[in-house]
Structures are given as structure tokens and as C-alpha cells.
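Structure record follows, encoded as C-alpha cells.
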Amino acid sequence: MVQAPVSGDPFEALGDPNRRDILRLLSGGDKPVQEIAAAMPISRPAVSRHLRLLKDAGLVAEQAQGTRRIYHLQEQGMHAVQAYLEGIWGDAAARFRLLAENTDRTSGR
């Protein structure tokens, strides 16, 4: 299975609730398009467009099985999002800890 180059922004892809629902569905395991579409309140063509955006962002990948396309979470894309968020929140937590440790408790500041 060849990994497609990432051309989209994963955070933009995560901004849509339908795409987040698709990711939740895929977190339970690989699924064909028709199974994803059956679980969604949107049309199958709309599901296909959302899957294409998620694929472009590196969050999902597809594999052909006969005439069916089976989608799964792309671990590398999910790890990139997780690492970014951990970096942001890790830096913020470190600054907060430093501030808390250097606050004069007697003066209330």
C-alpha cells in the first residue's frame, strides 16, 4: 500500500463535524465507503468528498479490495496532530507551572 502525499491541512479537515464523525467510525476499524455512508446523515457523494479531504490531510488512507474501497485511519497523520497538540499544551503547562512556582503566595500575586 503506497501512502499518498499529504496536501491538505489536518486541522482544517478536523474542523467539520461530519469528518470528525467519520474518524470516530474508523476508530472502530476499517470500513468500506458504503458502511461509512450508511452510518452518516449525509449522502454517499458527500461522504466521498469528506473522505477525500481526510485522505488529502493524511488522516485516512484507502485500500482497494476488488471494486470496494476500504478506509482506515492513517496512524502517521494522527500522530502528527497529537504531537502538535502535545507540544502546544506541553509548553503552556510548563509556563503555568513556572508562573505558579514563582508567585509570591503572601502577597496574593
Worksheet item: Taking K and R as +1 and D and E as -1, what net charge do the other residues with C-beta under 15 Å from the C-beta of Ile22 add up to?
Response: +2
Discussion item. Using the basic label-point model (7 angstrom from Cα toward the beta carbon), what is the Gln34 to Ala92 distance in nanometres?
Written reply: 4.4
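Which net charge results for the neighbourhood of Gln65, defined as the other residues with beta-carbon distances under 12 angstrom from its beta-carbon, given Lys and Arg at +1 and Asp and Glu at -1?
The answer is +1.
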Response to the item:
Residue-normalised 222 nm signal for the chain, counting each DSSP H run of n ≥ 4 as -39,500 (n - 2.57), nearest 500 deg cm²/dmol, is -17000 deg cm²/dmol
Worksheet item: Each residue of the stretch 24-40 in order: what ³J(HN,Hα) in whole Hz does its phi give by Karplus 6.51 cos²θ - 1.76 cosθ + 1.60, θ = phi - 60°, with x for Gly and Pro?
Response: 4, 4, 6, 5, x, x, 4, 9, x, 3, 5, 6, 5, 4, 5, 8, 10
Worksheet item: In a shell of Cβ-Cβ distance under 11 Å around Leu53, excluding Leu53 itself, what net charge do Lys and Arg (+1) and Asp and Glu (-1) give?
Response: 0
Item to complete: For the chain, state the average projected area of the convex hull of the C-alpha atoms over all orientations, rounded to one decimal in nm².
Response: 9.5
Practice prompt. Determine, at each q value in 0.23, 0.24, 0.28, 0.30 (inverse angstroms), the log₁₀ of I(q)/I(0) that the Debye formula gives when each Cα of the stretch 10-74 is one equal point scatterer.
Written response: -0.93, -1.01, -1.41, -1.59
Worksheet, complete the sentence: GNM on the chain, Cα springs under 10 Å; top mean-square fluctuation among Ala61, Ala83, Ala94 goes to Ala94
Worksheet, complete the sentence: In degrees, nearest 10, the alpha-carbon axis of helix 75-101 is tilted away from the dominant principal axis of the alpha carbons of the chain by 10
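Read the figures in this text as sums done on the coordinates, not as results from a lab. A quick note: this is a predicted structure, and the numbers were derived from the prediction, not measured. All Cβ positions, even for glycine, are placed from backbone atoms using ideal geometry, and neighbour counts span all protein chains on display.
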